[in-house]
Amino acid sequence: MLLKRKLGVKSGPMLKIDNTSFGKINKFNVGDIVSWSNIGEKTTGVISDIYFSIVGGREVAFAKIYGFKDKIEHTIICLNLRLISKNDSKAQEN
């Protein structure tokens, strides 16, 4: 005998989301060094551009990153990025 069970939704307070974007871009800046994983392989690179793109009717934060190892540009959703080092644009060069 096959037993079927209904999955119900608990009644309770609903979460209210104030923003319309998926991901934030204010955590990162152009020039920051970041890492991300792709199928178990950790990759690092420097951010060259940060932008929002409409995906599924919602703004999604993406970053264009120049990879250090493979020397190509990657487009990664900002939610998958981990900050390694902040760009210090105010530092004076010698």
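No lab work stands behind these numbers, since they all come straight from the coordinates. Just so we're clear, the structure is a prediction, and the values are computed from it rather than from any experiment. Cβ atoms come from the backbone with ideal geometry, glycine included; neighbour counts cover every protein chain shown.
Basic side chains Lys and Arg get +1 at the Cβ, acidic Asp and Glu get -1 at the Cβ, and with that the dipole of the range 22-85 about its Cα centre reaches some 140 debye. In this simple spin-label approximation, Glu41 and Arg58 carry label points 7 Å from Cα along the Cα→Cβ vector, and these lie 3.0 nm apart.
Each peptide in 38-49, 74-85 receives the mean, over its residues, of other Cβ atoms within 10 Å, and ordering these scores from highest gives 74-85, 38-49.
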